[in-house]
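Reviewing the structure listed below.
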Amino acid sequence: MEIKNGIEFVHGDLYGVAMDVVKKFVSKHDTRPILKYSYHRTGGDIVATDSHRLIEVKEIHGFKEDYLVDPKSFMFAKGDYPDVQKLTDKDEHTKSISLDKSQIKLWLQIFKSINQTMKVMKNVSSFNKVVVLKVQHNKVEVELKNFDLKMSLPCTTLNIPENFEQIALSAEYMRDALEAHFKLNSPSLNIYIKGNMVPMILDDEVKVTTLLLPVRLYD
């Protein structure tokens, strides 16, 4: 907590930004109602997931106990949130791609453009809104599935797991993850990869971690 002009603030400066970002990571469906809430964990961390992607923002709130908070209505609740802590365990992942702050912004701009392109094209189903992140010849490329379009992505370091070539991801989810890191001022970003059917983890090693489930491709 911080005191300014005699006023004691419960949350960190970026709490409002964090909750705005978290809106995109909570579930939009009623099958698991608890996932429509963000989990404010004792100690200051916020976690949210829709079971396809996840975000964790560290040391951002000032509550003294656990709460469930709806990021849209700010309704408070209590309940047993799923234990998702093991999902962001990077021990068996390889720190594969590293980005500096300017590269995070550039990746975000590229994925925003990709999503905008898909949005204006007709007959693009949700399944086809998938991108393939490829690593070939010591470079990273993003390819739009079912479209003849590839773009190179800059990085500062590249260290790919053995026998790994590509991973397919939701273009929208990738954009939202990058946007979270950009809005919450990640100074740099490490992308951890284990395999093409294992969740990919994006971690700034300071405050923000995001996770994306891969998409299975069929020939």
Accessible area of residue 182 in the full protein assembly, 1.4 Å probe (Å², nearest 10): 90 Å²
Using heavy-atom solvent-accessible surface (probe 1.4 Å) with all chains present, what is the largest-first order of 151, 121, 174, 75? 75, 121, 151, 174
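Over segment 160-219, what is the relative contact order in whole percent, taking alpha-carbon pairs under 8 Å and six or more residues apart?
Values: 82 pairs, mean separation 21.9, N = 60.
Relative CO of segment 160-219 lands at 36 percent.
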Relative contact order, percent, segment 114-203 [alpha-carbon distance under 8 Å, six or more residues apart]: 24 percent
Take residue 158 and residue 139, extend 7 Å from each Cα along the Cα→Cβ direction, and tell me the distance between the two endpoints in nm. 0.8 nm
Which pairs in the list 101/183; 101/194; 58/86 are over 19 Å apart, alpha-carbon to alpha-carbon? 101/194
Of (i) 1.16; (ii) 1.21; (iii) 1.05, which is the value of Cα Rg over 2.2 N^0.38 Å derived from the coordinates here? (iii)
Can you work out the PRE-style zone for residue 165? Point 7 Å along Cα to Cβ, and I want the residues of segment 181-219 with backbone N under 20 Å. 193-200, 214-219
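Run the dipole for the chain about the Cα centre, Lys and Arg Cβ at +1, Asp and Glu Cβ at -1, nothing else charged, and hand back the magnitude in debye, nearest 20. Each step should come with its number before you reach the end.
Working: 30 positive and 30 negative charges, 158 e Å.
Here the size comes out at about 760 debye.
How much FRET efficiency would the formula 1/(1 + (r/R0)^6) give for residue 34 and residue 197, where r is the Cβ-Cβ distance and R0 is 30 Å, rounded to 0.05? Mind showing how you got there, number by number?
Details: r = 26 Å, r/R0 = 0.88.
Once rounded, the FRET efficiency stands at 0.70.
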From the helices alone, meaning DSSP H stretches of at least four residues, give me the mean residue ellipticity at 222 nm for the chain, per-run term -39500 (n - 2.57), in deg cm²/dmol to the nearest 500. -6000 deg cm²/dmol
Measure of exposure for residue 42: accessible area at 1.4 Å probe, Å² rounded to 10, is 80 Å²
How much net charge surrounds residue 160 when only the other residues with a Cβ under 14 Å from the Cβ of residue 160 are counted, with Lys and Arg +1 and Asp and Glu -1? +1
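Would you kindly state how much longer the chain becomes between residue 78 and residue 66 on full extension, computed as 0.36 nm times their sequence separation minus their alpha carbon distance, in nm to one decimal? Walk me through the numbers on the way to the answer.
Numbers: separation 12, 0.36 × 12 = 4.32 nm, distance 0.76 nm.
That works out to 3.6 nm of additional length.
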Within segment 78-101: backbone nitrogen closer than 16 Å to the residue 188 label point (7 Å, Cα to C-beta): 95-101
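With the other protein chains left in place, how much accessible area per residue, in square angstrom, belongs to the chain at a 1.4 angstrom probe? Don't jump to the answer; show the numbers that get you there.
Working: 11840 Å² over 219 residues.
It amounts to 54 Å² per residue over the chain.
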Over the alpha-carbon set of segment 41-107, divide Rg by the Kirkwood Rh and report the Rg/Rh ratio to two decimals. 1.04
With a 1.4 Å probe and every protein chain kept in, tell me what percent of the accessible surface of the chain is carbon plus sulfur. 49 percent
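The values are calculated or read from the model by the stated rules, or taken from the named source; none is laboratory data. Just so you know, these numbers come straight off a predicted model, no measurement behind them. When we count neighbours, we look across all protein chains shown, and the Cβ atoms used for this are built from the backbone with ideal geometry, even at glycine. These area figures cover heavy atoms from the full protein model, side chains too; ligands, DNA and RNA do not enter into them. Shrake-Rupley method; radii C 1.70, N 1.55, O 1.52, S 1.80 Å.
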